[in-house]
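Engineer: One structure follows; several queries about it will come next.
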Amino acid sequence: MSTLHPTSGSIPGHADDHHDHHDHHGPYYQSKGSFWTNVWDWCTTVDHKKIGVMYLIAVLIFFFIGGVLALAVRTELLEPVRTVAGQVTGQFFKSDEGIGKGNEIYNRLFTLHGAVMVFMVIIPSVPAALGNFLLPLMLGAKDVAFPRLNLLSWYIYFFGSMFAGLSIYFGGVDTGWTFYTPYSTTTDPDQSRVILMVLGAFIMGFSSILTGLNFIVTVHKLRAPGMGWFDMPLFIWAIYATSIIQVLATPVIGITLLLLILERVFHIGIFDPGLGGDPVLFQHFFWFYSHPVVYVMILPGMGIISEIIPVHAHKKIFGYRAIAFASLGITAVSFLVWGHHMFSSSTELAATIFSALTFLVAIPTAVKVFNWILTLYKGSIAMNTPMLYALIFLFLFSIGGLTGLPLGALSTDLHLTDSYFVVAHFHYVMMGGTIIAFVGGLHHWWPKMTGRMYNEFWGMTGAILVFIGFNVTFFTQFIMGVQGMPRRYATYVDTFQIWHVVSTIGSYILLVGFLVHLFNFIASLRGRVAPANPWGALSLEWYAASPPIEHNFEHEPIVKHGPYDYGEVVPFHCSEEDYPLADKPAGASAHTVH
Amino acid sequence: MTSDLINLAGGTFGNLLAKAPIDQPLRDIWFRSRPSATYSAAVDDLFMWIFWFSVIAFVILMYLMFYWTWKYRRSAVKKPILSTSHNTPLEIAWTVLPLIPLAYIFFKGFHGYADALIAPQNAMELKVEGKKWNWLVTYPNGEESPLFTSSTNPDSDITNTSTLASTDVPIYPVPEGRAIKLRMNSLDVIHAFWIPDFRIKQDVLPNRYTSYWFQSEKLTGSEKLPDGTPKADHWIFCAEYCGQSHSEMMAILRVVPEAHFDKLMADWAGNKPPEVIGERVYKSQCASCHSVDGSKNTGPTWKGAFGTQVPLENGSTALYDENYIRESILNPQAKIHKGYGPYSQMNSFQGQLDEKRIDGIIAYMKKLNPGAAGAPAAPATDSPTK
């Protein structure tokens, strides 16, 4: 039974068939000729791997920008009164009045931090960057279903972010990333920065929709022979659920943002009460999209954790179907709970119904956490950077989830909403969840993407620094939120200063942690060459070479075992010495007969 | 029936925790202030219930995670063990059982919410208006509070001292031990009226009223006014982002004895000279953008402005007289001070300031430039106009 992995001899001689004009068997990123030939090749590539790498580079650049903005915000908050924001960044934002302009600079800083991190980093991070690279590989396919559409999605994302960049160049916006009306329709009346920023988000939405569509079709049509729905890695299930949300919810934000632009330009009176509109309607529209999108952000992160834990624990994942169905369950419920962002502006009946529905989301999420932790039981756990990140994810995400409870309950929410408690809560989920999973996944698949191993010592060091820095930064924000610190405050009463100072120190530790990772990754490009399957994993991307060839596989893999049958089959390219098989319980092998 | 059982179990859990010696010190860290209003104690109780529930769940999960990660580390496991990857009763249990505490949290939260929104019949109603970037509170007798934190005000010794309180923060006195209902709306964008010590906020919307109530506490006498009258100060913050001076849109709710409150009400209702009315309107509605000390803010300073020639955005000038002030209040876009355009940040106060208040502002601005023509208490020797 130990030879159940895709058989290289299934199509004899196939691998040697076309060695004719071009070498298709080198790494996907190998040079095609001169520098400009390569630039043209990357700009016009329809290879999902190259597109994934381009997304990855863009996401990392925007993550850097968003991070710098966050550090500026934290540094400003060291003192209760205005300090650096007016002076240092005033020039960057073309505000010659400096400190006389009051808190406007600070308000732009936190708005841009939010907008960049949400629309340009977290939403595309896992699905577009890692998803693009991995989805066809994990399915055993050559590419996504519509490779040219995939390239188009990338260009739409790119041009959307250019619009946002243009808005920042002209001075940025100060609406908050949520663009709440009527503030967003009345601020900045003479210029078009809000319109540019909103247009950027609108355009990037199409990238989301097309990528989602592409992935859904790919999952349905391009699974390798022998791979049923329940033989797919759980990362695929997560990406699949995410894609459904992207296709269904993104058009809503598209039309909402378009209405916002129409409102600003033509004053048609949908949201502005001065013209007969309803400002809370915008919040309904906005959160009808943005709440499901919270799960666009977190589900793929959960998918990564569902890969990392069984691979490095060398253990079949506990409750495969429960996790898969929990992804779909979260997708369904996510469309019903948008009102919990608006308890303080809703009518009483709406608030009550949304509060009750909100608690339903807790169930599938909790089930996933139980499953992951139980997967560790009786495993064979290798402690390395990806595994450490998975544990950090479980730690931080559990706190993020549990702190959702007082926000879901009505009476406590009326105290905590729009306070730093909310800020801390969604950073524990979005950053402690998605970004932590993303960085963990980046380490996990780094050997596959680059063909090189990163340095494990520095990877672990960076992870520990990020963990400490993260908790120092954000746990303090829970406390000051309950004590009464409102969010989006450029200045604050002195009582909160001690917590702000501690939080800011934490953000600097975070910076050091991420810089360690950055240098580790750069150094790894000249580091040890990665084997095809360094972790002894069973999903198909590890069957391909590291890095994969242009068409992913020398020949189409045929799936004969599940992605998590650890201990039952020897992983691809590995020997039984390194990954010994388990002793079979007597009479328990019936299911492996083929 | 089921809900009774859930309530009983949840209540027992809460009572047990409240007896733990660490409960109160932790509450003091989390909340900093003891609950002031009646229902806010219930908010604290629910928060602490969820907190302890979360701590227990978290500790169990993390214990298992770290223990198994250590016990089954690869160097200690020579041969993988095939254990079950699926257990239907266990999976059903952990899907269904969490519904019980969740149901308890939901119902408790709903009860607290209903308690905060449904005011008693005899509640005193305060009208709250939010505008960029001030709170306006109108008392049942139609008066507004003239009290502000400042070095010249004897009432200014707020205990929550703050670097920010050097700017004038309005103080709204309310009588102790009374049910007070807030009826709130906004004059421009969305704001939110948050009193952290009472654990409650609601958004303040431009197109409909929102409302909640609170019970002011009985004074303990730990804080006192300079004349020895007991008091208790509570911060009011704007919690919904509303633009440039969002973070300075704050006020202080001051609980005072009933007799002191009645005396204040009687004092405010008396006739006042226009410049006193003007100063009050300035502090409550204009000070977030206009200074009276000559410094530049969102709008131009009022110091020494009256009677001068104003340079305008369109290159011409205008005489800073009574008509210019009136026009700028009612139609701010008409003549914009140079350096504050091309569009004025100011909204029209048409319908918000009555004649008495506009007269007051004019009188106050005259007072701020004693040398100018038409200003009181100064000999009008020369006119700056041609």
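The values are calculated or read from the model by the stated rules, or taken from the named source; none is laboratory data. Nothing here was measured: the structure is a model prediction, and the numbers come from that model. Cβ placement follows ideal geometry from the backbone for every residue including glycine, while neighbour counts extend to all protein chains displayed. Quick note on the areas: whole protein, heavy atoms, side chains included, nothing else; ligands and nucleic acids left out. Shrake-Rupley method; radii C 1.70, N 1.55, O 1.52, S 1.80 Å.
Engineer: Which longest run of chain A has no exposed loop site in it, a site being GluC sites (Glu not before Pro) in a DSSP loop with at most 15 other beta carbons within 10 Å, and the site itself not part of the run?
Structural biologist: A:98-575
Engineer: Distance between Cα centroids, the stretch B:231-245 to the stretch A:269-310: provide it in whole Å.
Structural biologist: Spelled out, the Cα-based centre of one part sits 27 Å from the other.
Engineer: Over what distance in Å are the Cα centres of the stretch B:18-65 and the stretch A:119-157 separated?
Structural biologist: 44 Å
Engineer: Taking every residue in B:66-76, how many Cβ atoms of other protein chains lie within 10 Å of its Cβ, on average?
Structural biologist: Rounded to a whole number, the mean comes out at 6.
Engineer: Rounding to the nearest 10 and keeping the result within 0 to 90°, find how far the Cα-based axis of helix B:355-367 lies from the longest principal axis of chain B.
Structural biologist: Here the helix axis deviates by roughly 70 degrees.
Engineer: Further, regarding this structure: Pull out a ≥ b ≥ c, the square roots of the eigenvalues of the alpha-carbon gyration tensor of chain B, then state rounded if a/c is under 1.5, prolate if not and a/b is larger than b/c, and oblate in the remaining case.
Structural biologist: prolate
Engineer: Beyond 19 Å between alpha-carbons counts as too far, so tell me which of B:Lys283/B:Lys338; A:Lys50/A:Lys221; A:Lys584/B:Lys79; A:Lys221/A:Lys368 fall in that bin.
Structural biologist: Flagged as over cut-off: B:Lys283/B:Lys338; A:Lys50/A:Lys221; A:Lys221/A:Lys368.
Engineer: Test of understanding: in a Gaussian network model of chain B with alpha carbons linked when under 10 Å, which of B:Val55, B:Val189, B:Val276 would top the mean-square fluctuation ranking?
Structural biologist: Highest fluctuation of the listed residues: B:Val55.
Engineer: Here is a further query. For the protein assembly as shown, give the share of DSSP beta bridges that are antiparallel, in percent and rounded to the nearest 5; count only bridges with both residues there.
Structural biologist: Given both bridge residues lie in the protein assembly as shown, the antiparallel proportion sits at roughly 70 percent.
Engineer: In square angstrom, rounded to the nearest 10, how much accessible surface does B:Tyr364 have for a 1.4 Å probe?
Structural biologist: 10 Å²
Engineer: Then there is this: When Cβ neighbours within 10 Å are restricted to other protein chains, what is their mean count per residue of peptide B:233-241?
Structural biologist: 6
Engineer: A further question on this structure: With a ≥ b ≥ c the root eigenvalues of the C-alpha gyration tensor of the stretch B:124-257, is it rounded (a/c under 1.5), prolate (a/b larger than b/c) or oblate?
Structural biologist: oblate
Engineer: Whole angstrom only: what separates the Cα centroid of the stretch A:438-468 from the Cα centroid of the stretch A:370-437?
Structural biologist: About 20 Å separates the Cα centre of the stretch A:438-468 from the one of the stretch A:370-437.
Engineer: From the alpha carbon gyration tensor of the stretch A:166-302, can you work out the equivalent ellipsoid semi-axes (sqrt of 5 times each eigenvalue) and give them in Å, largest to smallest?
Structural biologist: Equivalent-ellipsoid dimensions as semi-axes: 36, 15, 12 Å.
Engineer: In addition: Scanning chain A for helices, which whole DSSP H stretches are 24 Å or more long along the axis (Cα) and average 0.0 or more by Kyte-Doolittle?
Structural biologist: A:48-76, A:147-169, A:193-221, A:234-266, A:279-313, A:348-376, A:385-402, A:456-483, A:497-524
Engineer: For the stretch B:124-257, what is the number of Lys pairs with C-alpha distance below 27 angstrom, counting only pairs 8 or more positions apart or on separate chains?
Structural biologist: 17
Engineer: If you don't mind, there's one more thing I want to ask. What residues have an amide H closer than 5 Å to that of B:Asn297, excluding those fewer than 5 places away on the same chain, when H is modeled at 1.01 Å from N in the peptide plane?
Structural biologist: B:Ser291
Engineer: Calculate the mean, over all residues of peptide A:570-577, of how many other protein chain Cβ atoms lie within 10 angstrom of the residue's Cβ.
Structural biologist: Mean partner shielding for this stretch: 0.
Engineer: For the stretch A:466-539, report the % of Cα-Cα distances exceeding 20 Å.
Structural biologist: Everything past 20 Å amounts to 53 percent.
Engineer: In addition: To the nearest whole percent, what portion of all C-alpha pairs in the stretch A:475-594 is separated by more than 23 angstrom?
Structural biologist: When every Cα pair of the stretch A:475-594 is considered, 62 percent fall beyond 23 Å.
Engineer: Please list the non-local residues whose amide H lies under 5 Å from the amide H of B:Ile200, H modeled 1.01 Å from N, same-chain partners needing a gap of 5 or more.
Structural biologist: Close amide H contacts, sequence-distant or interchain: B:Ile195.
Engineer: Another question, if that's okay. What are the ³J(HN,Hα) values, in whole Hz, obtained from phi via the Karplus relation 6.51 cos²θ - 1.76 cosθ + 1.60 with θ = phi - 60°, for each residue of the stretch B:247-260 in sequence order, with x given for Gly and Pro?
Structural biologist: 6, 9, 7, 10, 7, 10, 8, 10, 8, 10, x, 3, 5, 5
Engineer: Classify chain A from the C-alpha gyration tensor, please: rounded if a/c falls under 1.5, else prolate or oblate depending on whether a/b exceeds b/c.
Structural biologist: prolate
Engineer: What are the residues whose amide H is under 5 Å from the amide H of B:Lys231, where those residues sit 5 or more places off or on another chain and H is modelled from the backbone?
Structural biologist: B:Gly221, B:Glu223, B:Lys224, B:Leu225
Engineer: Follow-up question, since we're still on this one. Taking chain B as a Gaussian network, Cα atoms linked when under 10 Å apart, which of B:Asp44, B:Asp168, B:Asp227 shows the biggest mean-square fluctuation?
Structural biologist: Between B:Asp44, B:Asp168, B:Asp227, it is B:Asp227 that shows the largest mean-square fluctuation.
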